[in-house]
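Structure record follows, encoded as structure tokens.
The values are calculated or read from the model by the stated rules, or taken from the named source; none is laboratory data. It should be emphasised that the depicted structure is a prediction, and the values quoted were computed from it without experimental measurement. Cβ placement follows ideal geometry from the backbone for every residue including glycine, while neighbour counts extend to all protein chains displayed. Just so you know, the surface numbers come from the protein's heavy atoms only, side chains and all, with ligands and any DNA or RNA stripped out. Shrake-Rupley method; radii C 1.70, N 1.55, O 1.52, S 1.80 Å.
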Amino acid sequence: MSDCPHVSALPRPEPVPLNVTCPGCLAAGTHPVQLRLCLVCGNVGCCDSSPLQHATEHFKETGHPVMRSFEPGESWRWCFEDGSIV
Ligand SMILES: [Zn+2]
Ligand SMILES: [Zn+2]
Ligand SMILES: [Zn+2]
């Protein structure tokens, strides 16, 4: 855990997921390994173990810094700006 200024800037309550799978993978025909949820806009992307790493791509495109795991039973958040769990 770190003192991340990006978390306190997130909308409350959390955004509702826009998708239940990674739309980038759906378009490309690839399969996400795990899903990640953008906590700024609710976009769903796939993790860095997935072929196309759409969650990271979403951050590069939008600058939205904080995502959380969208896997059942997982609730950790990752801040791209800080490069750590927050
Ligand atoms: Zn941060
Ligand atoms: Zn993807
Ligand atoms: Zn976003």
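List of remarks:
- Taking packing as the residue-averaged number of other Cβ atoms within 10 angstrom, the listed peptides 46-55, 5-14 run from highest to lowest as 46-55, 5-14.
- VAL16-GLU61 pseudo-label distance in nm [points 7 Å out on the Cα-to-Cβ vector]: 2.2 nm
- Expressed as a whole percent, the accessible surface of the chain that belongs to carbon and sulfur atoms is 55, based on a 1.4 Å probe.
- Ratio of the Cα radius of gyration of segment 17-85 to 2.2 N^0.38 Å, where N counts its residues: 0.98
- Segment ASP82-ASP3, extension gain: residue separation times 0.36 nm, minus the distance between their alpha carbons: 27.5 nm
- Gain in span if fully extended, LEU26 to SER75, counting 0.36 nm per residue against the direct Cα distance: 15.2 nm
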